[in-house]
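This report refers to the structure that appears directly beneath it.
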Amino acid sequence: MTKSTLYFEDPVHQSLRLKSAETRQSMSELVNDALKACLQEDLEDIKSWRERKDEETYGYEEFIELLKKDGVL
């Protein structure tokens, strides 16, 4: 494990301390879990983009017409 120094805004730090006490997890565990979740979400977004990058694209007006045709608008 690597040690780093982080600077939190006061309200964020206070919330983190309270959450740590309530859950009996260290602040490091909470921050690591939050960062892992955020990074996993980014990976899922990248995967989705790669799967869809060759799909047909539409201009704004054309897209609006398609939504109207489908009854969405």
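Which of the helices (runs of 4 or more DSSP H) contained wholly in the chain include at least 1 residues that are under 24 Å from the mean Cα position of the chain (by Cα)?
10-23, 27-52
Please state which one of VAL12, VAL72 is at pLDDT below 95 and aliphatic (A, V, I, L, M).
From the options VAL12, VAL72, the qualifying one is VAL72.
The values are calculated or read from the model by the stated rules, or taken from the named source; none is laboratory data. This is a predicted model, so every value here is computed, not measured.
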